[in-house]
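> One structure is given below, represented as structure tokens, and several questions about it will come after.
Each value in this text was obtained by applying a stated rule to the coordinates, not by laboratory testing. Here the structure is a predicted model, which means the values were calculated and not measured. Backbone-built Cβ (ideal geometry, glycine too); neighbour counts: all protein chains shown.
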Amino acid sequence: MAGIISEEQLLRELRVLYANRPLQFTRLIMKYYKGERAKQIIETLKAWPSS
């Protein structure tokens, strides 16, 4: 099926978005994921290599 990417590819794309626009991205994550889960996602993106 077209449009399906691996979890690793998705994380890489999100990491690039996060690196380019951290404030907007953080706000978006906080809007859709509340509290601990949002923090978890943001910490994962910070730690994930962007290459």
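> Scan region 28-41 and tell me whether some residue there is touching a Lys or Arg at 6+ places or on another chain (Cβ under 6 Å) and among the aliphatic types (A, V, I, L, M).
no
> To continue, here is another question. Looking only at region 13-28, count how many residues are surrounded by 13 or more Cβ atoms within 10 Å (Cβ to Cβ) and more than 24 Å from Gly3 (Cβ to Cβ).
Residues that pass the stated criteria total 2.
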